[in-house]
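Rule-based calculations on the coordinates, nothing more; no lab input. Predicted model only: the values in this text are computed from it and were never measured. Please note: Cβ atoms are built from the backbone with ideal geometry, for glycine as well, and neighbour counts cover all protein chains shown.
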Amino acid sequence: MTAPRIAVLNAADTGTHTSRNFRRELPGEILEYQVTDQELPATDGIDGCVVTGSRASVYWDEPWIDPLADWIADAVASGLPTLGVCFGHQIVADALGGRVEPIGEYEIGYRTVERIEESDLLAGLDSEFLVFTTHSDRVTELPPGAHPIAENDYGNHGFACGSARTVQFHPEYDPRTAALVTRQKDELPAAKRQAALDSITRSNYERAQRATRIFENFTDRVVGGPTAGTTCGTVDDEWSPAD
């Protein structure tokens, strides 16, 4: 079986941890594009794409954000399997007609998320599972026809919409990345930053490793080929992982 060609649309503008983490977790041939430099692939040369996290908010006035959102809308309309993570989750929502707004505070550290609907992306995970989170925006309105798949007390943590699947949390983070990102949050109260750092334990990391199943689930779907013609509001029953 030919390895899938997966485009990683890297929206991080500094450091190498984003590239390292996704290359470690994603099976297949990885093609990386720095979207903050307006690098975007031709959709006919890839089998799927992953949109990463970012320091940016989708509503910022940055020259690369609107072209990325337009690309995502076209990709999902064509049926290209698309996975959004954190900022990726938010810009997929925005691109498909949803709404993203500030929380007014940070959700950060290892936190519990609840699976609220059976989902091909979350197959194999418990009804509640631990993940690392770091975000100050959230999806407050899902795209038309989207199905919520995960949530916690901060709001939506994932949805399915046509050929797109998203998660707000960071299943790809290793402890080094979690600690680095947390220490850089100078805007956080010292006590909250320290509490997030204190949550980065071996036990929590090992529990959160179960959520990396998401990448296997996504890639299993990519191997099966794009689902041309799917639209938001259509449940893609054929997108299921190998057991």
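The table that follows gives values for the structure above.
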| item | result |
| --- | --- |
| Under Karplus coefficients 6.51, -1.76 and 1.60, residue-wise ³J(HN,Hα) of region 17-26 in Hz, glycine/proline x | 5, 5, 4, 4, 5, 6, 5, 5, 8, 8 |
| Separation in nanometres of the label points that stand 7 Å from Cα toward Cβ, at Q209 and D153 | 2.9 nm |
| Length released on extending from K192 to T16, taking residue separation times 0.36 nm less the Cα-Cα span | 60.8 nm |
| Evaluated over region 76-158, the Cα radius of gyration and Dmax, each in Å | 12.6, 36 |
| Ordering of 136-143, 205-212 by burial proxy (mean other Cβ atoms within 10 Å per residue, highest first) | 136-143, 205-212 |
| R0 of 25 Å, Cβ-Cβ distance Q38-E105: FRET efficiency to nearest 0.05 | 0.20 |
| Max mean-square fluctuation residue, GNM over the chain, Cα-Cα springs under 10 Å, options F87, F129, F159 | F129 |
| Gap separating the Cα centres of region 99-131 and region 135-162, nearest whole Å | 9 Å |
| Amide H contacts under 5 Å for G162, placed H, 5+ residues apart | C232, G233, T234 |
| Charge-dipole axis of the chain as Lys and Arg at +1 and Asp and Glu at -1 on Cβ define it, positive-most pick from G124, F169, A196 | A196 |
| Rounded to whole Hz, the Karplus (6.51, -1.76, 1.60) HN-Hα couplings of region 125-139, x for glycine and proline | 8, 5, 5, 10, 8, 9, 8, 8, 10, 7, 6, 10, 10, 8, 7 |
| Cβ crowding within 10 Å averaged over residues, with 12-22, 146-156 ranked highest first | 146-156, 12-22 |
| Karplus 3J(HN,Hα) series, Hz, for region 189-200 with 6.51 cos²θ - 1.76 cosθ + 1.60 (x for Gly, Pro) | x, 4, 5, 5, 4, 5, 4, 5, 4, 5, 6, 7 |
| Cβ-derived FRET efficiency at R0 30 Å, A77 paired with E118, nearest 0.05 | 0.75 |
| S136 versus A3: modelled label distance in nm, points set 7 Å from Cα along the beta carbon direction | 3.8 nm |
| Amide proton proximity set for A7, modelled H, under 5 Å, gap of 5+ | L31, D47, G48, C49, V50 |
| Helix 65-77 axis, angle to the chain major axis (alpha carbon atoms, nearest 10°) | 50 degrees |
| Rel. contact order, % - alpha carbon contacts under 8 angstrom, at least six apart, the chain | 22 percent |
| Under-5 Å amide H pairs with Q168, H placed in peptide plane, nonlocal only | C86, G158 |
| Mean projected area in nm² (Cα convex hull; one quarter of hull surface) for region 1-137 | 9.2 nm² |
| Residue-count net charge about V139 - beta-carbon cut-off 12 Å; Lys, Arg +1, Asp, Glu -1 | -3 |
